[in-house]
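Here the structure is laid out as structure tokens; the discussion comes afterwards.
The values are calculated or read from the model by the stated rules, or taken from the named source; none is laboratory data. The model shown is predicted, which means the values in this text are computed figures rather than measured ones. Because the Cβ atoms are built from the backbone with ideal geometry, glycine has one as well, and the counts that use them run over all protein chains shown. When the accessible area is computed, the model is the full protein with side chains, heavy atoms only, and any ligands, DNA or RNA have been set aside. Shrake-Rupley method; radii C 1.70, N 1.55, O 1.52, S 1.80 Å.
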Amino acid sequence: DALNYMALAGYSADKSMEMLPNVLNLAAAGGMELATASDMITDSQSALGLTTKETTALVDQMAQASSKSNTSVAQLGEAILKIGGTAKTLSGGTTELATALGILADNGTKGAEGGTALRNIMLSLQSPTDKAAGAMKELGITAFDAEGNMRPLEDIFQDFNAVLADASDAERANVLNNIFNKVDLKNVNALMDTNVERWHELSSAIDDSSGAAQQMANTQLENLTGDITLFKSALEGVKIAISDELT
């Protein structure tokens, strides 16, 4: 089933075999079925426009983010699928994506809800209404640098904090309501209220995540359930070997 999802995504046999270790690690690390993990990886790779190497890094980052924040590998996968191609404009790439989703998860917004929230927030910053653009200009806050690239989310929300430091709760809510959708204000506040140290702590951990998925997969298999999984895998191998001999 996992290989079938790769075929449906247009992968060649060689590319499917190259991607299979990522699928196996993601499935074991997240306690998911192989087909679910395969579907998640192929969709994420397509939505974010990643190479195979970058996809391997993303799987490691998802494993690391799940161990360093209040979310799971499966929930991060759901979130990434919801935010989709919008995340391509993040200056910090998949590291910043996993960091922001981890911070939202720490504040109770995770899974598909977290991906939708981050997508909405980014779109409000990137393509503001005339009213929102006016409010941001008045505050002296811009989402883009001089080259037209999106600035790091951490920097943008620290700017909001600095400008609104002396504002009352009512004034702060009114300003943010002019820029973001009302349903997203809880998550906007969560990103603003997260201190610089937490942003850096989580981002650094995710950035240094090579091999994290393999390590988590190994840990998940170091118990009775893992032993049973490995035993069933060995039995499948025996069946295949016997079948080949009989053939």
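Can you find, within the stretch 146-160, the residue that is nearest to Gly85 (Cα to Cα) among those that are without any contact (Cβ under 8 Å) to a residue 12 or more places away in the chain and part of a loop (DSSP other than H, G, I, E, B)? Break it down stepwise before answering.
Narrowing the stretch 146-160 to residues without any contact (Cβ under 8 Å) to a residue 12 or more places away in the chain: 146-148, 155.
Narrowing the set further to residues that are part of a loop (DSSP other than H, G, I, E, B) leaves 146-148.
Numbers: Ala146: 23, Glu147: 21, Gly148: 18 Å.
My answer is Gly148.
What number of residues in the stretch 37-47 are among the hydrophobic types (A, V, I, L, M, F, W, C) and open to solvent by 20 Å² or more (accessible area, probe 1.4 Å)? Break it down into steps so the answer makes sense when it comes.
As a first pass, look at the stretch 37-47 and keep what is among the hydrophobic types (A, V, I, L, M, F, W, C): 37, 40-41, 47.
Narrowing the set further to residues that are open to solvent by 20 Å² or more (accessible area, probe 1.4 Å) leaves 47.
Total meeting the criteria: 1.
Take Gly111 and tell me if it is modelled with pLDDT under 95 and open to solvent by less than 50 Å² (accessible area, probe 1.4 Å).
Working: modelled with pLDDT under 95: no; open to solvent by less than 50 Å² (accessible area, probe 1.4 Å): yes.
No, not satisfied.
If you check every pair at least six apart or on different chains, which have Cβ atoms under 8 Å apart with a residue in the stretch 1-22 that is modelled with pLDDT of 90 or more first and a residue that is part of a loop (DSSP other than H, G, I, E, B) and open to solvent by 90 Å² or more (accessible area, probe 1.4 Å) second?
What qualifies is Asp1/Glu33.
Quick test for you: out of Leu50, Leu26, Leu34, Leu58, pick the one residue that is of a type outside the set (D, E, K, R), surrounded by fewer than 20 Cβ atoms within 10 Å (Cβ to Cβ) and either within 16 Å of Gln214 (Cα to Cα) or at pLDDT below 90 (or both).
Working: Leu50 fails: either within 16 Å of Gln214 (Cα to Cα) or at pLDDT below 90 (or both); Leu26 fails: surrounded by fewer than 20 Cβ atoms within 10 Å (Cβ to Cβ); Leu58 fails: surrounded by fewer than 20 Cβ atoms within 10 Å (Cβ to Cβ).
Exactly one of Leu50, Leu26, Leu34, Leu58 is of a type outside the set (D, E, K, R), surrounded by fewer than 20 Cβ atoms within 10 Å (Cβ to Cβ) and either within 16 Å of Gln214 (Cα to Cα) or at pLDDT below 90 (or both), namely Leu34.
Among Ala234, Ala165, Ala205, Ala170, which is within 27 Å of Ala57 (Cα to Cα) and among the small types (Gly, Ala, Ser)?
Numbers: Ala234 fails: within 27 Å of Ala57 (Cα to Cα); Ala165 fails: within 27 Å of Ala57 (Cα to Cα); Ala170 fails: within 27 Å of Ala57 (Cα to Cα).
None of the others qualify; the one that does is Ala205.
Give all pairs with beta carbons closer than 6 Å in which a residue from the stretch 121-139 that is closer than 21 Å to Leu90 by Cβ and touching a residue at least 60 places away in the same chain (Cβ under 8 Å) meets a residue that is surrounded by 17 or more Cβ atoms within 10 Å (Cβ to Cβ) and among the aromatic types (Phe, Trp, Tyr); count only pairs at least 6 apart in sequence or on separate chains.
These pairs meet every condition: Ser124/Phe180.
Name every residue in the stretch 114-144 that is under 24 Å from the mean Cα position of the chain (by Cα), open to solvent by 10 Å² or more (accessible area, probe 1.4 Å) and either within 30 Å of Ser72 (Cα to Cα) or among the small types (Gly, Ala, Ser) (or both), in order of residue number.
Listed by number, the residues that qualify are Thr116, Arg119, Asn120, Leu123, Ser124, Gln126, Ser127.
Scan the stretch 97-112 for residues that are assigned to a helix (DSSP H, G or I) and farther than 21 Å from Ser127 by Cα and jot them down. Steps first, please.
Let us first name the residues in the stretch 97-112 that are assigned to a helix (DSSP H, G or I), namely 97-106, 111-112.
Ala98, Thr99, Gly102, Ile103, Leu104, Ala105, Asp106, Gly111, Ala112 - these are the residues of the stretch 97-112 that are assigned to a helix (DSSP H, G or I) and farther than 21 Å from Ser127 by Cα.
Per-residue answers, yes or no, for (1) open to solvent by 80 Å² or more (accessible area, probe 1.4 Å); (2) of a type outside the set (A, V, I, L, M, F, W, C):
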{"site": "Gln158", "(1), (2)": "no, yes"}
{"site": "Arg172", "(1), (2)": "no, yes"}
{"site": "Arg198", "(1), (2)": "no, yes"}
{"site": "Ile206", "(1), (2)": "no, no"}
{"site": "Thr219", "(1), (2)": "yes, yes"}
{"site": "Ile228", "(1), (2)": "yes, no"}
{"site": "Lys232", "(1), (2)": "yes, yes"}
{"site": "Glu245", "(1), (2)": "yes, yes"}
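Do we find a residue being buried (at least 23 other Cβ atoms within 10 Å of the Cβ), in contact (Cβ under 8 Å) with a residue 60 or more places away in the chain and of a type in the set (D, E, K, R) anywhere in the stretch 76-98?
No, because not a single residue in the stretch 76-98 is buried (at least 23 other Cβ atoms within 10 Å of the Cβ), in contact (Cβ under 8 Å) with a residue 60 or more places away in the chain and of a type in the set (D, E, K, R).
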